[in-house]
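S.K.: Dropping a structure here in structure tokens format, bear with me for questions.
The values are calculated or read from the model by the stated rules, or taken from the named source; none is laboratory data. All values reported here derive from a predicted model rather than from experimental measurement. In this analysis, Cβ positions are derived from the backbone assuming ideal geometry, glycine residues included, and neighbour counts consider all displayed protein chains.
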Amino acid sequence: MFRKIIAGTAVAGALTLGLAGAAGASTTATGNSGTAITPSTTVCSLLPKIEAHVQKVEARLAAELPKAQAAEAKAKAAGNTVRADRIANRVTKIQDRENKVNARLASLSTACSTNG
């Protein structure tokens with residue numbers, strides 16, 4: 001169960017780092033069309049796919065969160081505070097990572113809407 005949560009966090013991180021990689025890896029085109037492909041246009045063209053993927057991962061994490069919280073409560077009830085603290089720390093890290101990804105996604109959306 002927690003591996004899925006951690007995997008979801010890893011996917012979210014890969015998405016975040018993947019955006020920077022896609023922006024840095026693209027080059028300008030010198031074709032017959034006369035329009036140059038810039039990093040911002042490449043990322044902006046991929047933004048709907050990225051948003052869909054982030055929403056899919058968030059849905060999975062939202063489904064796993066109550067299970068993790070139930071496991072934390074069960075560990076506390078059993079007197080296993082160390083395990084409960086570890087679960088609580090994982091949940092906090094996942095929620096923080098989700099907030100960071102959403103903030104980066106929002107900044108990309110505003111950048112793409114202002115740049116075209």
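S.K.: From the list T114, T92, T81, T110, which one is modelled with pLDDT of 90 or more and over 15 Å from L61 (Cα atoms)?
M.R.: None of the other options fit; the residue is T81.
S.K.: Test of understanding: among R86, R97, which residue is at pLDDT 90 or above, assigned to a helix (DSSP H, G or I) and within 30 Å of C112 (Cα to Cα)?
M.R.: Going through R86, R97 in turn, the sole match is R97.
S.K.: A further question on this structure: Give the number of residues within region 68-102 that are within 30 Å of A52 (Cβ to Cβ) and not β-branched (V, I, T).
M.R.: Of the residues in region 68-102, 14 are within 30 Å of A52 (Cβ to Cβ) and not β-branched (V, I, T).
S.K.: Looking only at region 95-107, how many residues end up being within 17 Å of L61 (Cα to Cα) and among the basic types (K, R)?
M.R.: 2
S.K.: Please enumerate the residues belonging to region 61-83 that are assigned to a loop (DSSP other than H, G, I, E, B) and touching a Lys or Arg at 6+ places or on another chain (Cβ under 9 Å).
M.R.: The one that is assigned to a loop (DSSP other than H, G, I, E, B) and touching a Lys or Arg at 6+ places or on another chain (Cβ under 9 Å): N80.
S.K.: Something else: Select from region 42-51 the residues that are surrounded by fewer than 16 Cβ atoms within 10 Å (Cβ to Cβ) and either within 20 Å of I94 (Cβ to Cβ) or in contact (Cβ under 8 Å) with a residue 40 or more places away in the chain (or both) and list them in ascending order.
M.R.: Within region 42-51, just E51 meets the criteria.
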